[in-house]
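The values are calculated or read from the model by the stated rules, or taken from the named source; none is laboratory data. Quantities reported herein were computed from a predicted structural model and do not represent experimental measurements. Virtual Cβ from ideal backbone geometry, glycine too; neighbours counted across all protein chains shown.
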Amino acid sequence: MRLMSLNCPNCYGQLKQVEEGKFYCESCGTSFLADYDKDDVEFQRIKTEGEIQRQQLNMQQMGMAASQKRQKEQNKIKTIVIIVVVAFFLLTTIPTVFISLRMQRIAAERSAKQAQEREAAREQERLQKEEQRKQEEQARKQEEEEKRQMLLASYKVTPDDILSDPFFLENAEKTIEGQIEDNTNLFYTNWEFGKPEYITSYILIAKDDNESVHNILASIYKVHWYKVYDDRTDHYIMYDGACLYNISKNTDGTIKADYAPHSLTYNSKIVANQFLSGYTDYDQLIRQEIYGNSEYDYTEFKMKETDGSVDTTEKTIADTD
C-alpha cells in the first residue's frame with residue numbers, strides 16, 4: 001500500500017475524510033477521491049473484515065450486554081414478582097392469620113365467658129337450692145315448732161278442761177274403777193270386794209315441756225274388803241288409786257286419752273293371808289304418790305260430787321292384826 005499525502009495538492013490545506021475514499025479540503029473546499037491500488041484493496045478488505053469482526057464482536061458484546069440487561073431486567077422482574085407475590089401473600093396471609101388468631105382468641109374468650117356464665121349459673125342454682133333448702137328447713141322447723149307449741153298447749157290441761165268434757169269424765173271413771181278392782185286379786189272365796197268409794201282426783205302437769213306427754217290424771221278411792229265368817233264379817237279399808245297417762249286436749253278443747261289405766265300404787269298389805277292393794281294411811285298415799293312426784297305440778301279437784309271429807313274411822317285392819 002502506498003502512502004499518500006493528506007494535504008490538498010492545490011493549497012496544501014488539511015484534508016478531512018468525509019466518507020470512505022472521499023476527502024475534503026477545509027481550506028479551499030476541493031474534494032478528492034482516494035486512488036486505491038491492489039494493496040489498498042487488500043488492506044481495505046482486511047480492514048473491512050476487521051471492521052466486520054469488530055462489529056460482530058461489538059454486536060456480540062452488545063448482544064451479551066443486551067442479554068445481560070434482559071437477564072437483569074428479567075431477574076428484576078422476577079424479584080419484583082417474587083416481592084409482589086410475597087407481599088400479596090403477606091398482605092393476604094398475615095391478616096388472615098391475625099383474623100384467625102383474633103377469631104380464635106374471641107372464640108376462646110367467648111368459650112371462657114360461657115364457661116364462667118355456666119359456672120355462675122351453676123353457683124347461682126346451687127345458692128338458690130341451698131337457699132330453698134334453708135327456707136324449707138326453716139319452714140319445717142317452724143312447722144315443727146308450731147306443732148310443738150300446739151302440742152305443748154294441748155298438754156296445758158286444767159281441771160276445768162276435764163270437768164267440761166262429760167264424755168271423758170264418764171269413761172275415765174269407769175276405766176279407773178276397773179283398774180282398782182283388778183288390783184284386788186282375791187284368793188279365797190270368803191273374801192268379798194266392795195265398790196270403791198271415790199275420794200278425790202289430781203291432775204299432774206309435767207314441769208319439763210319434753211315430759212309433757214306424761215301428764216297424769218290420778219283418782220284416789222277408799223276400797224272396802226270383807227272377810228265373811230259363819231258368825232261375823234270383818235271389814236277392811238284400804239286407800240288405793242289408778243291413773244291415766246298422756247292427758248291432753250284436742251283442737252276442739254275436749255280431752256284426749258287412750259283410756260288405758262295404770263295402777264297408781266303397787267303398795268299392799270297382807271291381811272289373813274290375803275294381799276290387799278293400797279295404803280292403810282290415806283295421808284301416806286298422798287305424800288308418796290302425789291307429793292313425791294316433784295317433776296310435776298299438781299292440782300287437786302273433784303271429778304264428781306263428794307261430801308268433801310275423807311272418813312278414816314272405819315279402819316279395822318289394825319284391830320285384827
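If I filter region 193-213 for residues that are among the charged types (D, E, K, R), at negative phi and modelled with pLDDT of 90 or more, do I get at least one hit?
Yes, region 193-213 has at least one match.
Listed conditions (1) part of a helix (DSSP H, G or I); (2) within 56 Å of the chain's Cα centre (by Cα); (3) surrounded by fewer than 16 Cβ atoms within 10 Å (Cβ to Cβ); (4) charged (D, E, K, R) are all met by Lys156, apart from (1). In region 159-196, the residue that is nearest to the chain's Cα centre (by Cα) out of those that are surrounded by 15 or more Cβ atoms within 10 Å (Cβ to Cβ) and assigned to a loop (DSSP other than H, G, I, E, B) is Asp165. Those strands (runs of 3 or more DSSP E) of region 224-321 in which at least 1 residues are surrounded by fewer than 16 Cβ atoms within 10 Å (Cβ to Cβ) and at pLDDT below 90, considering only elements entirely within it, cover 268-271, 274-277. In region 153-164, the residues that are under 16 Å from Ala218 (Cα atoms) reach residues that are crowded, with 16+ Cβ neighbours inside 10 Å and of a type in the set (Phe, Trp, Tyr) with C-beta atoms within less than 7 angstrom, at least six apart or across chains, in these pairs: Ile162/Phe168.
Looking at Gln74, Gln17, just one residue is out of contact with any helix residue (DSSP H, G or I) (no Cβ under 6 Å at 6 or more places or on another chain), at pLDDT 70 or above and in a strand (DSSP E or B), and that residue is Gln17.
Conditions (1) at pLDDT below 75; (2) at positive phi, marked per residue:
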site	(1), (2)
Met4	yes, no
Pro9	no, no
Tyr12	no, yes
Gly21	yes, yes
Glu26	no, no
Ser31	no, no
Tyr36	yes, no
Asp39	yes, no
Glu42	yes, no
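So, Tyr221, is that one of a type outside the set (Val, Ile, Thr) and in a strand (DSSP E or B) or not? Here the answer is yes, as Tyr221 does meet what is asked.
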